[in-house]
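Since the structure comes first, as structure tokens, the remarks are kept for the end.
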Amino acid sequence: KRGFHVALAMEFEGYVLAFLSNDMVYQPIWLESKDKLPSAPPDVHKDFRTFLQVVADWIWERTAPGSRSRRTGLACEKIRQTGDVFGGIGVYTGILAPTQQQRLVYKDWLQVYAKDKVQMSNRLAVLVDDYNKKIHEFESQDKVWYR
């Protein structure tokens, strides 16, 4: 299963033209066959362990001895540029803060917190609902969670 949507695909005799999207903001990709379409990174909700392994491998490659990565610049820019690890994260991706106190401090930067009205894609709405459910589960536990 793909972790992205095919917004539009046209199959011709010698090639396929596909417009792909994680959030229905898409760009055209010109390929000779549909078999050459890029694979999507693991979905953080559907395959969390694989997602963590891919992120850990990416970090290791960037920090390993002999790495040519200069590790300069903003982390958010590197994450946005790494579509094979962090699929669907872009300039318009919402920010979520982990605690209620932090959400209140950053409410002007957060897309979905402390707002009277919010517009978002169906995909983002599902992610926000999942996030809120998870936060509620964590808050009801006696365990201390570290990050």
(message) Once you place label points 7 Å from the Cα toward the Cβ at HIS45 and TYR131, how far apart are they in nm?
(response) 1.2 nm
(request) Could you calculate the FRET efficiency of GLU13 with ARG123 from 1/(1 + (r/R0)^6), where r is the beta carbon distance between them and R0 is 30 Å, rounded to 0.05? (result) 0.35
(request) State in Å² the accessible area per residue of the stretch 48-91; use a 1.4 Å probe, count heavy atoms of protein chains only, and round to the nearest integer. (result) 77 Å²
(message) Just want the answer: with Cβ charges of +1 for Lys and Arg and -1 for Asp and Glu, which residue in SER39, GLN81, THR50 is farthest toward the dipole's positive end in the stretch 34-82?
(response) GLN81
(request) Return the long-range amide H neighbours of ALA7 (sequence gap of 5 or more, or a different chain), with a cut-off of under 5 Å between placed amide H atoms. (result) PHE19, LEU20, SER21
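The values are calculated or read from the model by the stated rules, or taken from the named source; none is laboratory data. Not measured: the values here are computed from a predicted model. Here Cβ is always computed from backbone atoms with ideal geometry, including for glycine, and neighbour counts include all displayed protein chains. Note: accessible area is taken over every heavy atom of the protein model, side chains too, but ligands, DNA and RNA are not part of it. Shrake-Rupley method; radii C 1.70, N 1.55, O 1.52, S 1.80 Å.
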